[in-house]
Amino acid sequence: RPKEDVKEEEYTQFYQQNFGASGKPLTTMRVAAEGNVSYTALMFIPETASQEFYTRESKRGLRLYSSGVMIMDKCEDLIPEHFRFVSGIVDTPDVDLNISREMLQQTRVLQVISRNLEKKIKNELMRIQKDDRKKYHTFWDAFGPQIKFGIASGADRTVLEDLILFSSSEVPEGTTLKEYTERMKEDQTYIYYACGQEISQMAKLPQAERILDKGYEILYFTENVDEFAIRMMQNYQDKPFKSVLDSSLDLESEEEKKALEEKQESSKTMLETMQKALEGKVGSVKLSGRLKSHPVCLSSEGELSMEMAKTLNAMPGANGEKLHANTVLEINPEHAIYQTLMQLQESDPEKLGEYAKLLYDQALLIAGMPIEDPVAFSNRICSLM
């Protein structure tokens, strides 16, 4: 029926009767195209995800018709995996009624329709994001993980990257990457992010303190898929992503770097003693230029971060061998603890080793990571007290 002849309540009734929904759709999309491939489409985005949506039992696909005759109830080739939450119908005269399922999957007609519908869905979501942010948050709460899963699994990032929302130090309720880059400082090179379960915890990370002091905004990743998606993207508008736990944040001035190198050299023996005590736990121990008021923190080197290793090790089917990030224990040379460590190197190297283990466990707790032996940690504190 012509668009102008259909009332909103009729769309809702049609949606509920045909797609097993109980409430209203978040938005309704009508598409009509004529040319080399002609079709009409009616699509709905739900307000909430169904109970089975994030399970293997959930199947994607739009209902396919040829000139009013149904060919397939769920045609997967009409909708990409990252937009699998969309339901609806497509009617095209350009598909033969007698076509086999195998031939249907190869037909150019469905490929053309799918690409066009993907653009339509993205444009509609971008319109909602711009015109009705509250409504977009409703969508994002329900299907945000699906968009991020799409990026993490290698879908076209240009389709999805502007749809993403992340909480940040500036906008806790959620910001787009475009909005983030528009707020970046002139001297800011990276898009900074932190990973964890609670935003309040990430905001207090020692590694974040100096970044925030410079006025740089930090994105807060609270879902396991977040960092995998960002690693797949690598950058946004030529701005690279950088974890606050990365061992090389490059926040120091040239003068500060030179002073740190000199102090690192004079502390070499002490740092080697600590590293030996932590053999098998950290890749190295070094002095830090990122810390301000905190005595210690953990950072990571290489592609595998601590949060990624934690997520992969917790996945069903993971083999018995655990993955480990290449971690670095960083010591604040401006903190009083540094002088204590230097004195212990001269007077009691064995106790220095105990301090190293204590500081390592402390850094794990600050980062929201489990410590390996809570009893030993408790005993070590009591002993040193």
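Which residue is farthest from Ala203 (Cα to Cα), if the candidates are limited to region 127-180 and must be in a loop (DSSP other than H, G, I, E, B) and open to solvent by 70 Å² or more (accessible area, probe 1.4 Å)? Walk me through it before giving the result.
First pass over region 127-180, keeping only residues in a loop (DSSP other than H, G, I, E, B): 132, 153-156, 164-165, 169-174, 176.
This time we only want the ones that are open to solvent by 70 Å² or more (accessible area, probe 1.4 Å), so: 153, 156, 170, 172-173.
Values: Ser153: 29, Asp156: 32, Glu170: 11, Pro172: 11, Glu173: 14 Å.
Only one residue fits best here, namely Asp156.
For Glu227, the requirement of being in contact (Cβ under 8 Å) with a residue 12 or more places away in the chain, touching a helix residue (DSSP H, G or I) at 6+ places or on another chain (Cβ under 7 Å), of a type in the set (Asp, Glu) and farther than 19 Å from Asp187 by Cα is met. Number of residues in region 216-236 that are modelled with pLDDT under 90 and more than 14 Å from Ala309 (Cα to Cα) equals 0.
Select from region 270-313 the residues that are under 28 Å from the mean Cα position of the chain (by Cα), of a type in the set (Ser, Thr, Tyr) and surrounded by fewer than 20 Cβ atoms within 10 Å (Cβ to Cβ) and list them in ascending order.
Initially, region 270-313 is screened for residues under 28 Å from the mean Cα position of the chain (by Cα), giving 281-284, 288-292, 294, 296-313.
Restricting the remaining residues to those that are of a type in the set (Ser, Thr, Tyr) gives 284, 288, 299-300, 305, 311.
Across region 270-313, the qualifying residues are Ser284, Thr311.
Of all residue pairs spaced 6 or more apart or on separate chains, those with beta-carbon atoms under 9 Å, a first member in region 302-321 that is on the phi < 0 side of the Ramachandran plot and at pLDDT below 65 and a second member that is of a type outside the set (D, E, K, R) and open to solvent by 40 Å² or more (accessible area, probe 1.4 Å) are Ala318/Leu312. Would you check if there is a residue in region 325-347 being at pLDDT below 90, assigned to a loop (DSSP other than H, G, I, E, B), open to solvent by 50 Å² or more (accessible area, probe 1.4 Å) and under 27 Å from Phe228 (Cα atoms)? For region 325-347, residues at pLDDT below 90, assigned to a loop (DSSP other than H, G, I, E, B), open to solvent by 50 Å² or more (accessible area, probe 1.4 Å) and under 27 Å from Phe228 (Cα atoms): absent.
Here's a check for you: in region 21-59, which residue that is free of Cβ contacts under 8 Å to residues at least 12 places away in the same chain and open to solvent by 80 Å² or more (accessible area, probe 1.4 Å) is farthest from Asp73 (Cα to Cα)? Checked region 21-59; the qualifying residue farthest from Asp73 (Cα to Cα) is Glu34.
Hey, among Asp187, Asp213, which residue is free of Cβ contacts under 8 Å to residues at least 12 places away in the same chain, closer than 11 Å to Leu251 by Cβ, open to solvent by 10 Å² or more (accessible area, probe 1.4 Å) and not β-branched (Val, Ile, Thr)?
Working: Asp213 fails: free of Cβ contacts under 8 Å to residues at least 12 places away in the same chain.
Result of the check over Asp187, Asp213: Asp187.
The number of residues in region 190-210 that are in a helix (DSSP H, G or I) and open to solvent by 30 Å² or more (accessible area, probe 1.4 Å) comes to 6.
One line per residue, one yes/no per condition, for (1) hydrophobic (A, V, I, L, M, F, W, C); (2) touching a Leu at 6+ places or on another chain (Cβ under 9 Å); (3) part of a helix (DSSP H, G or I); (4) at pLDDT below 90:
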{"site": "Ile45", "(1), (2), (3), (4)": "yes, yes, no, no"}
{"site": "Ala49", "(1), (2), (3), (4)": "yes, no, no, yes"}
{"site": "Phe53", "(1), (2), (3), (4)": "yes, no, no, yes"}
{"site": "Arg56", "(1), (2), (3), (4)": "no, no, no, yes"}
{"site": "Phe85", "(1), (2), (3), (4)": "yes, no, no, no"}
{"site": "Gly88", "(1), (2), (3), (4)": "no, yes, no, no"}
{"site": "Met103", "(1), (2), (3), (4)": "yes, no, yes, yes"}
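Are any residues in region 246-269 outside any helix (DSSP H, G or I), surrounded by 12 or more Cβ atoms within 10 Å (Cβ to Cβ) and of a type in the set (Gly, Ala, Ser), and if so, which ones? Residues satisfying the conditions are Ser247, Ser267. Ser243 falls short on exactly one of the conditions (1) within 12 Å of the chain's Cα centre (by Cα); (2) polar (S, T, N, Q); (3) surrounded by fewer than 20 Cβ atoms within 10 Å (Cβ to Cβ), and that condition is (3). Can you say whether Asp238 is surrounded by fewer than 16 Cβ atoms within 10 Å (Cβ to Cβ), out of contact with any strand residue (DSSP E or B) (no Cβ under 9 Å at 6 or more places or on another chain) and more than 11 Å from Arg290 (Cβ to Cβ), as far as the supplied structure shows? Criteria met by Asp238. If you check Asn98, Asn123 for being out of contact with any Cys (no Cβ under 7 Å at 6 or more places or on another chain), at pLDDT 90 or above and surrounded by fewer than 15 Cβ atoms within 10 Å (Cβ to Cβ), only one passes: Asn123.
The values are calculated or read from the model by the stated rules, or taken from the named source; none is laboratory data. Given the structure is predicted, the values throughout are model-derived calculations rather than measurements. Please note: Cβ atoms are built from the backbone with ideal geometry, for glycine as well, and neighbour counts cover all protein chains shown. Just so you know, the surface numbers come from the protein's heavy atoms only, side chains and all, with ligands and any DNA or RNA stripped out. Shrake-Rupley method; radii C 1.70, N 1.55, O 1.52, S 1.80 Å.
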